[in-house]
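J.: Below is the structure I would like to discuss, written out as structure tokens.
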Amino acid sequence: MRDVAIIGVGMIPFGRRDEDSLLDMLAYASLDALDDAGMSEKGVDAVYVANMGAGILQHQTSVASALVDRLSLQPAAADTIENGPASGASAIKNGVLAVASGYYDTVLVAGGEKMREVVGWKATDFVATMTHPEVEYPYGITLPGMAGMFTRLYMEKYGLTQEQLIAVAIKNQKMGALNPYAHVNMVITREGIYESPDAAVNNPVAADPLRFYDMCPVSDGAAAVILCPLEKAREISRKIPVLIAGFGQATDTHTLQEREDPTDLKAVTLAAEQAFRMANLKPKDVDVAELHDAFTILEVAESEHVGFFKKGEGGKAAEKGETSINGKIPINVSGGLKSRGHPVGATGVAQVVEIVFQLRHELVPKRQVKDAKVGFTLNFGGFGNNVVAFVLRRSE
Amino acid sequence: MKQEIRITAYKCKACGQIHYPYHDRCLACKKRDFEQIKPEGDAHLLAYTQIFNLPWGFDVRFLVIGVVEFANGIKSMGQIQVDSLEKLKTGMSLKPYWGPVRVEAEEPVYGLVLRPS
Ligand SMILES: [Zn+2]
């Protein structure tokens, strides 16, 4: 297998983008990535597009073919990849395999989702379609609901506290306020969402015990990367190549109820283990990580399951500041899904784009993890039934 | 009249693993022969939540949803009929019945409903 590098990245600010279609967003992010790679007028061998819901939300299918047409990339091979909220990382993984195999040299991976053009309950319903159609969906369960049940179990088993989850929300919104790509640019305080008499109004229960500020927003957005063999990276692009040092992907039962221990996110552990093994690195070698904090609980649980902290220690670590930009392991310096937003098909690609910014040392000082060399991403599908991880390394 | 809980679970004939929902092969031993079994006894509450942002098909302000385990080991999601979460505690016993859980095309959809005993 050939080593694969990321030589260009692109992203558009996430948020409510009423003026842009899904294709507009995918095209803007892709053009940004082509320009970044120095391939503004060049073609690519293959295109992978990550998208979860255009068929439902936009009544549009064959999105990858449509993107090729927008970008005049014919006759490039093109596939749309759907793996729920982990579609983005799945699409990158497929691109990596295609380049590593020696079959394609240049691959564009773009992820995008347009969720704000439907009303709130439709967006909630769309995301809930990934629950089990017979034994979960009919009851009205939503992804926040799954996360709520999981949170209570985690609190009961490990003593996780509301204060620890609040620390995650405050950290991620503080960092999101510094990120020009983030949907939410509002700093929140402990008083405002937890301690004051207004807290119950400002931060109502959404999926008990999770509250409004434990949830990521519903967003529109797109992000893109260009892949090529590491050996050709310097010929094609002037940017510092970022090596895909390792990747992993694992699945678990569709329902939480069939897991032996429903607090054990086995697919997260396995995906991370595979990625670290392939990279010949360990969790302690990671300088900066983007975890899938669709809910604050997930950042805590994932930080334990991927090996940054022991089980039951992630919440305490967040409260002590160990996951902040100057902490032991900076997590979601971008603001995470919590602030950047979670246009489902775009998220896994956006996480990788953020880590590439970090490893190329291109961010403003307040957001740059000093001298970052190794990054990690985790993209979480379903309620942990399909998870994709990457270990990325700056290639000097 | 005692109402039937219309849940069918699948017990692997080779290793005894109980499956709900259905799988074509056993999660544990990958064999394909199952005995169909029905829930028996009270349901013990394993996990629960109260959700306020509801998907399509619900004309209520919130839903309380949980996962229970029946006395014979079948685990299922269900809607819980309580007005406050203060009435619930993990591990407590709930009375199961089969009732309407949502409306689809103006027709009720039936499922597992649970009430404190
Ligand atoms: Zn078996």
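The values are calculated or read from the model by the stated rules, or taken from the named source; none is laboratory data. Small disclaimer: the values here were computed from a predicted structure and weren't measured. Please note: Cβ atoms are built from the backbone with ideal geometry, for glycine as well, and neighbour counts cover all protein chains shown. SASA here: full protein model, heavy atoms, side chains in, ligands and nucleic acids out. Shrake-Rupley method; radii C 1.70, N 1.55, O 1.52, S 1.80 Å.
J.: Would you work out what percent of the accessible area of the protein assembly as shown, with all protein chains in place, is carbon or sulfur (probe 1.4 Å)?
T.: 49
J.: Moving on to the next point. Would you calculate, for chain A, the mean residue ellipticity at 222 nm contributed by helices, counting each DSSP H stretch of 4 or more residues as -39,500 (n - 2.57) and dividing by all residues, to the nearest 500?
T.: -11000 deg cm²/dmol
J.: Under 5 Å between amide hydrogens, which residues at least 5 positions from B:Asp42 or on another chain qualify, with H placed 1.01 Å from N in the peptide plane?
T.: Result for B:Asp42 returns B:Ala71.
J.: Another question about this same structure. Taking amide H positions as placed in the peptide plane 1.01 Å from N, state which residues far from B:Ile80 in sequence (5 or more) or on other chains have amide H under 5 Å from it.
T.: HN-HN under 5 Å from B:Ile80: B:Val64, B:Ile65, B:Gly66, B:Leu114.
J.: Let me ask you something else. Please compute the per residue accessible area over chain A with all protein chains in place, 1.4 Å probe, rounded to a whole number of Å².
T.: Accessible area per residue: 35 Å².
J.: Could you give the size of the charge dipole of region A:172-278 about its Cα centre, using +1 on the Cβ of each K and R and -1 on the Cβ of each D and E, expressed in debye and rounded to the nearest 20?
T.: I would put it at about 740 debye.
J.: In chain A, what % of DSSP beta bridges are antiparallel (nearest 5)?
T.: Within chain A, antiparallel bridges account for around 70 percent of the total.
J.: Can you list the HN-Hα couplings for region B:58-70, worked out from phi with the Karplus curve (6.51, -1.76, 1.60; θ = phi - 60°), rounded to whole Hz and with x for Gly and Pro?
T.: Values per residue, Gly and Pro as x: 10, 10, 10, 6, 8, 10, 10, 10, x, 10, 10, 10, 7 Hz.
J.: Tilt of helix A:296-305 relative to the longest C-alpha principal axis of chain A, in degrees (0 to 90, nearest 10)?
T.: 70
J.: Taking the Cα centre of chain A as the origin, how large is its charge dipole in debye, to the nearest 20, when only Lys and Arg (+1) and Asp and Glu (-1) carry charge on their Cβ atoms?
T.: 1020
J.: Here is a further query. Can you give the direction-averaged projected area of the convex hull of the alpha-carbon atoms in region A:299-396, in nm²?
T.: 6.5
J.: Right, next: Taking θ = phi - 60°, what integer Hz values does the Karplus form 6.51 cos²θ - 1.76 cosθ + 1.60 yield along region B:71-84, in sequence order, with x for Gly and Pro?
T.: Result, rounded to whole Hz: 4, 9, x, 6, 10, 8, 7, x, 8, 10, 8, 9, 8, 8.
J.: Grab the other residues whose beta carbon is less than 11 angstrom from that of A:Val135, score K and R as +1, D and E as -1, and report the net.
T.: Charge balance in the 11 Å sphere: -2.
J.: Antiparallel versus total DSSP beta bridges in region B:40-116: what percent is that, nearest 5?
T.: Within region B:40-116, antiparallel bridges account for around 95 percent of the total.
J.: Remind me, relative contact order of region A:1-124 in percent, using alpha carbon pairs under 8 angstrom and six or more residues apart?
T.: Contact order relative to length: 33 percent.
J.: Taking amide H positions as placed 1.01 Å from N in the peptide plane, with prolines and chain starts having none, which residues 5 or more places from A:Ala245, or on another chain, fall under 5 Å of its amide H?
T.: Close amide H contacts, sequence-distant or interchain: A:Val391, A:Leu392, A:Arg393.
J.: Further question on the same structure: List for region A:139-172: residues with 10 Å² or greater reduction in accessible area, all protein chains versus chain alone, probe 1.4 Å?
T.: Flagged in region A:139-172: A:Tyr139, A:Gly140, A:Ile141, A:Thr142, A:Gly145, A:Met149, A:Arg152, A:Leu153, A:Glu156.
J.: To the nearest 10 square angstrom, what accessible area does A:Ile188 show with a 1.4 Å probe?
T.: Approximately 10 Å² for this residue.
J.: First measure r as the distance between the Cβ atoms of A:Asp261 and A:Trp121, then evaluate 1/(1 + (r/R0)^6) with R0 = 35 Å and state the FRET efficiency to the nearest 0.05.
T.: 0.60
J.: Pairs of Cα atoms under 8 Å, at least six residues apart: use those to get the relative contact order of chain A, whole percent.
T.: Computed over chain A, the figure is 26 percent.
J.: If the cut-off is a Cα-Cα distance under 18 Å, which aspartates and glutamates reach B:Lys31, setting aside same-chain residues fewer than 8 apart in sequence?
T.: Cα-Cα hits under 18 Å: A:Glu258.
J.: Mind checking the per residue accessible area of region B:40-116 for me, 1.4 Å probe, whole number of Å²?
T.: Value for region B:40-116: 47 Å² per residue.
J.: Related question: Which whole-Hz couplings ³J(HN,Hα) result when phi for each residue of region A:21-26 is put into the Karplus expression 6.51 cos²θ - 1.76 cosθ + 1.60, θ = phi - 60°, listed in order with x for Gly and Pro?
T.: 7, 4, 5, 4, 5, 4
J.: What is the sum of charges, Lys and Arg at +1 and Asp and Glu at -1, for the other residues whose Cβ falls under 11 Å from the Cβ of B:Val68?
T.: Within the 11 Å Cβ shell, the charges total 0.
J.: Against the empirical 2.2 N^0.38 Å scaling, what ratio does the C-alpha Rg of the protein assembly as shown come to?
T.: Rounded to two decimals, the normalised Rg is 0.97.
J.: Continuing with this model, one more query. On a straight-distance basis, which lysines could pair with A:Lys122 in a cross-link, Cα separation under 26 angstrom, same-chain partners fewer than 8 positions away excluded?
T.: Hits, sequence-local ones excluded: A:Lys114, A:Lys338.
J.: Chain pair B, A: how much accessible area is buried, both chains summed, with a 1.4 Å probe, in Å² to 100?
T.: Buried area between the two chains comes out at roughly 2500 Å².
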